[in-house]
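Engineer: Right, I'll just put the structure down here and ask away after.
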């Protein structure tokens, strides 16, 4: 791993500080990658748990991510036009700034990005939580199409930033929690998201040049755990299991686990600690 950060890649001062702190600590870094409709702050409780367990947490944003949910809602246009390849290369640049190979943990499109980074041989161990599908993952459950419909229902949304209404968030993220908790999560965490990655994922199996692809055969991929919420509408078990079946061809350890009774908000809802502990236990098996 390099110790120099390429600021031409759009690495922010905050991201550079996290990398420098991780390098100075001598600890194994853990890189947390968020998905659509969330910000890096959605990992705040996770980063505390991993820091207290002896790791150094790095939570990069997607390019141009605002600092706060309020800022994101005030300026949704900053999210527009971000492609999977653009974001993957940004995360790649952050990871290459680390002296030690990190553990990489991602949720939703962040779970896809975690697998892309692992497929490039940059991760010591990876956990992909409710991961968005990549080229070669064929199931398209109705609920996944409905969850993506706020963007996919209009081709003009491809290059726009798309917010979710509360009802859309309730279905896509918060279907497995109470109404009051769902409203709280929506207010606290939900931000607009680029439509482009959803269009890219939807067309991945039709486009041989897609950016939504993972090198599942790289022997340097490292161990991988896929986690999926039993009640997830956005990434149902059929998608997660199809990803697992492609990944298990890799010579590295490849495992999958279903988290009972949980939806797509499992990393941010009141049961987040259960999921964090499963991820932490897997990471600890391979790095310390």
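The values are calculated or read from the model by the stated rules, or taken from the named source; none is laboratory data. The structure presented is a predicted model; accordingly, all values stated were derived computationally and were not measured. Here the Cβ positions follow ideal geometry from the backbone for every residue, glycine too, while neighbour counts run over all protein chains shown.
Engineer: So residue 24 ticks every box in (1) over 27 Å from residue 190 (Cα atoms); (2) touching a residue at least 60 places away in the same chain (Cβ under 8 Å); (3) outside any loop (DSSP other than H, G, I, E, B) but one. Which box is left unticked?
Structural biologist: Checking residue 24 against (1) over 27 Å from residue 190 (Cα atoms); (2) touching a residue at least 60 places away in the same chain (Cβ under 8 Å); (3) outside any loop (DSSP other than H, G, I, E, B), the one that fails is (2).
Engineer: Somewhere in the stretch 251-264, is a residue buried (at least 18 other Cβ atoms within 10 Å of the Cβ), out of contact with any strand residue (DSSP E or B) (no Cβ under 7 Å at 6 or more places or on another chain) and not in a strand (DSSP E or B)?
Structural biologist: no
Engineer: Quick one: is residue 88 in contact with a helix residue (DSSP H, G or I) (Cβ under 8 Å, 6 or more places away or on another chain) and outside any helix (DSSP H, G or I)?
Structural biologist: No: the conditions fail for residue 88.
Engineer: With the requirement that a residue be out of contact with any helix residue (DSSP H, G or I) (no Cβ under 6 Å at 6 or more places or on another chain) and without any contact (Cβ under 8 Å) to a residue 60 or more places away in the chain, what does the stretch 56-74 give you? Walk me through it before giving the result.
Structural biologist: The first filter runs over the stretch 56-74 and keeps only residues out of contact with any helix residue (DSSP H, G or I) (no Cβ under 6 Å at 6 or more places or on another chain), leaving 65, 67-74.
Residues satisfying the conditions are 65, 67, 68, 70, 71, 74.
Engineer: Also, quick follow-up: Check the stretch 137-158 and report whether any residue there is surrounded by fewer than 24 Cβ atoms within 10 Å (Cβ to Cβ), within 18 Å of residue 267 (Cβ to Cβ) and touching a strand residue (DSSP E or B) at 6+ places or on another chain (Cβ under 9 Å).
Structural biologist: For the stretch 137-158, residues surrounded by fewer than 24 Cβ atoms within 10 Å (Cβ to Cβ), within 18 Å of residue 267 (Cβ to Cβ) and touching a strand residue (DSSP E or B) at 6+ places or on another chain (Cβ under 9 Å): absent.
Engineer: Just name the residue that is nearest to residue 142 (Cα to Cα) out of those in the stretch 190-206 that are part of a loop (DSSP other than H, G, I, E, B) and either in contact with a strand residue (DSSP E or B) (Cβ under 8 Å, 6 or more places away or on another chain) or touching a residue at least 60 places away in the same chain (Cβ under 8 Å) (or both).
Structural biologist: Looking only at the stretch 190-206, we keep the residues that are part of a loop (DSSP other than H, G, I, E, B), and these are 190-192, 195, 203.
Still in the list and also either in contact with a strand residue (DSSP E or B) (Cβ under 8 Å, 6 or more places away or on another chain) or touching a residue at least 60 places away in the same chain (Cβ under 8 Å) (or both): 190-192, 195.
Details: 190: 23, 191: 24, 192: 23, 195: 19 Å.
Filtering the stretch 190-206 for residues that are part of a loop (DSSP other than H, G, I, E, B) and either in contact with a strand residue (DSSP E or B) (Cβ under 8 Å, 6 or more places away or on another chain) or touching a residue at least 60 places away in the same chain (Cβ under 8 Å) (or both), the one nearest to residue 142 (Cα to Cα) comes out as 195.
Engineer: In the stretch 1-34, which residues are under 24 Å from residue 220 (Cα atoms) and either modelled with pLDDT of 95 or more or buried (at least 20 other Cβ atoms within 10 Å of the Cβ) (or both)?
Structural biologist: 19, 22, 23, 26, 27, 28, 29, 30, 31, 32, 33, 34
Engineer: Shifting gears a bit: Collect the residues in the stretch 217-236 that are outside any loop (DSSP other than H, G, I, E, B) and under 15 Å from residue 112 (Cα atoms), keeping them in residue-number order.
Structural biologist: Listed by number, the residues that qualify are 224, 225, 226, 227, 228.
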